[in-house]
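Encoded as structure tokens, the structure appears first; notes follow it.
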Amino acid sequence: MPTLIKNKNLISLATLILIFSFFASLILTSFGTVEVKSLRLNTQNNQFIIYDLYKPKSASAENKAPFIAVIPGFQRSKEALSNIAIELSRRGYVVALIDPYAQGLSSSSLSTRAATTEGYGMFSLVEHVYAGAFDFVDINKIGATGHSMGGNAAIRGADYFGKQAIKNNTKSILNSVYVSGYVLTLRDSILKDSRSNMGISYALYDEGAFRNELKGWDAADMQIAPESLRTVNYVLKKDEKIKIVELGKYYGQVENQTSRVIFNEPVLHPFQPYNFEATSNQLDYFEIVFGAPNKIDTNNQIWHWKELLTLINMVLALVMLIPIAKLFLNLKIFRSINKEVPDALPRQSKKGRLIFWSVFFLSAAVACISFIPMVEVAKIFFEDAANRKLTWYFPQRMNNSVMLWAAFNGIIGILIFLFSYETFGKNHGVKKDSWGLKINIMDLIKTFVLSLIIFSTFYLFLYLNYFLFHVDYRFWFMGVRIFQPEMLLVLMMYFPLFFIFFFSNSLRVNGAMRFKDQPEWLSILIACFANSLGLIFIIIIQYVTYFETGTVFWTDNWLSVNLLFGIVPMMFILPIFNRAFFKITGRSYLGPLVTCLVFIMILSTNTVIYLPL
């Protein structure tokens, strides 16, 4: 019987992923009533954007539908806002969900302020649609919506097309915009030329509110915030101007594109797009300004079921790494990699436990304290990327700091590991054989080759799944997504420094946290917290300070702290995989090689990247 047939776990996992992806695709397409396909639009300066077009089957040349461009924010790809596209398209709107410039599958931009000057590519898309690209679109009802920096792109679109309208003495071709999670550019210089209906949705607990005109908790209170008052008062007569905004009330007139409405949902900034109330408010807005072709109660939402299904798939796909490894380890060429699992460390003595937990919290403290300094160091070492300039030299602005942090903590972890062995372990029954490091050069080469095969198999299956169902593995803004071939060059660039951390983790998880008679689940749980506690402390400090004062602890680098919401889960589960690979090979190498390749590609495809392409 072929080896593949023997591997029932692999077949079962792959089958489940395909089944759940099928159901996720049903939700994506509103159960077959919406067609979804990826398109490319060539824009200025040899740039291009990739976008998913959601076309309701009800839209036709005879029954034209409103068009809405959806723009994700900084560090986000188009799939991160598929929930908005799903809910809008099932209500009959034609939706274009774009990968912003320098994110996802779109090209980089020559502009260092692409959201401001180009709307992340939305300006070109709106002009393309208005010129008659789709005969099923009502070009008098073109809108845009975005979250965070995507919201800034929407505001800038109102200004950009407003200036054109003033110059041509016509209505703005961008009829309406909806701005989520961004108010910094609601200034006189922008609002005075805007000729679009405008909805503003800002989180009551937005961590970035310290940048707004007011301070503390008042900064995010859209009833009194100068930004929201200014937005509304610009469309009111002098004797009608207000001092307090009534949330949810529509001011101005939809017909002449002066309508204004403000929402203020009680949620944090990164979670606003995935809030039912915020989604309902956005759907209400577009129904009022455009009229929903297919009227569905705005509280009737189905997007969360797709998120649940793709979350399950993300878990299943990562678990599938183990049976993929076992499949190839059964091949004759790789069998020599399989070794006996070394004996666990002796039972901990009282002094041993004291040293263990001292090292545990010391490592967490170093991880916590070193993160923000590494963010600052990255700005110096990788100046071009930090300034959003195109570069081949470590082009990922946000991941550069994570990479430096990982390399630094990986080195510190190895040094602490060796120091504790030399000062205590070797005199208390710890043997180096238990570390799983003994390997000959040929087996080491085979291990590296096998890691590349596992990585390739993992992503080839993802590509197959995406080809069949147009869904990847994700939950909210955390996702395992497809990538362009040039990302392999980026992976090679970032792999060496990141690998220091991944190898250090494997060494510590398997060589310092595996004790005789200790339950496996407890050993793994301790390892998971050991690997992530320092970053968890950062989040705790940031948000305890915020909820006590109304201002986050780290202001200059608050986006780097927000990045941890996606990194901490990966750090937490990493020891699980390093232990699993250790148990099937008896060595500490395959785990960090595979996880570094997969996890770094996940990070790299979910961030901004300033490659000159």
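Where a number appears in this text, it was derived from the coordinates with a stated rule and is not lab data. All figures in this text were calculated on a predicted structure; none of them were measured in a lab. Positions of Cβ are generated from backbone atoms using ideal geometry, with glycine treated the same way; all protein chains shown enter the neighbour counts.
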Ignoring solvent entirely, what values of log10 I(q)/I(0) come out of the Debye formula for region 58-200 at 0.17, 0.19, 0.20 Å⁻¹ when each Cα is a single scatterer? -0.88, -1.10, -1.21
For region 61-116 and region 118-184, what is the separation of their Cα centres, given in Å? 12
Which of SER180, PHE461, ILE50 sits closest to the plus end of the dipole of the chain, meaning its Cα is farthest towards the positive end, when Lys and Arg get +1 and Asp and Glu get -1 on the C-beta? PHE461
Phi to ³J(HN,Hα) by Karplus 6.51 cos²θ - 1.76 cosθ + 1.60 over region 331-336, Hz, x for Gly, Pro: 6, 4, 5, 9, 5, 5
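Fewest first, what order do PHE48, PHE581 take by the number of other Cβ atoms within 10 Å?
With the sparsest Cβ surroundings first, the list reads PHE48, PHE581.
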Between TRP392 and THR423, how many nm apart are label points set 7 Å from Cα along the C-beta direction? 4.6
With r as the distance between the Cβ atoms of LYS243 and LEU460 and R0 = 56 Å, compute the FRET efficiency 1/(1 + (r/R0)^6) and round to 0.05. 0.40
Under the Karplus relation 6.51 cos²θ - 1.76 cosθ + 1.60, θ = phi - 60°, what is the ordered set of whole-Hz ³J(HN,Hα) values for region 187-194, x standing for Gly and Pro? 10, 4, 4, 8, 5, 5, 9, 6
In nm, to one decimal, how far is the modelled label at LEU452 from the one at ASP343, with both set 7 Å along Cα→Cβ? 3.8
Return the equivalent ellipsoid semi-axes of region 416-508 as a descending list in whole Å, where each equals the square root of 5 times an eigenvalue of the C-alpha gyration tensor. 37, 16, 13
What list of ³J(HN,Hα) couplings, whole Hz, do you get for region 364-373 from phi and the Karplus terms 6.51, -1.76, 1.60, once you set θ to phi - 60° and write x for glycine and proline? 5, 5, 5, 4, 5, 5, 7, 5, 5, x
Rounding to the nearest 10 and keeping the result within 0 to 90°, find how far the Cα-based axis of helix 8-28 lies from the longest principal axis of the chain. 10
Built amide H within the under 5 Å cut-off of GLU35, gap 5+: LYS55, LYS57
Which ordering of TRP554, TRP521, TRP405, TRP357 is given by a fewest-first count of other beta-carbon atoms within 10 Å? TRP521, TRP357, TRP554, TRP405
Taking only Cα atoms, what is the 0 to 90° angle, nearest 10, from helix 441-469's long axis to the longest principal axis of the chain? 30
Which residue, ILE262, PHE20, PHE572, has the largest displacement toward the positive end of the dipole of the chain when charges sit on each Cβ (Lys, Arg +1; Asp, Glu -1)? PHE572
At 0.36 nm per residue, minus the direct Cα-Cα distance, what do LEU444 and GLN484 gain on full extension? Give it in nm, one decimal, please. 11.5 nm
Distance in nm between pseudo-label sites at PHE22 and VAL319 (7 Å out along the Cβ direction from Cα): 1.9
Tell me which residues come under 5 Å, amide H to amide H, from VAL341 once H is placed; ignore anything under 5 positions away on its chain. none
Where does each of 61-69, 49-57 land if you order them by average Cβ count within 10 Å, highest first? 49-57, 61-69
Mind ranking 19-32, 137-150 by how tightly packed they are, going by the mean number of other C-beta atoms within 10 angstrom, highest first? 137-150, 19-32
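Based on the Cβ-Cβ distance of THR549 and SER12, what FRET efficiency does E = 1/(1 + (r/R0)^6) give at R0 = 51 Å, to the nearest 0.05?
For R0 = 51 Å, the calculated efficiency reads 0.50.
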Percentage, to the nearest whole number, of Cα pairs in the chain over 44 Å apart: 24
Counting only residues 5 or more apart in sequence or on a different chain, those whose built amide H sits under 5 Å from that of TYR178 are ALA144, THR145, GLY146, GLY199
Alpha-carbon centroid distance for the pair region 515-593 / region 9-37, whole angstrom: 31
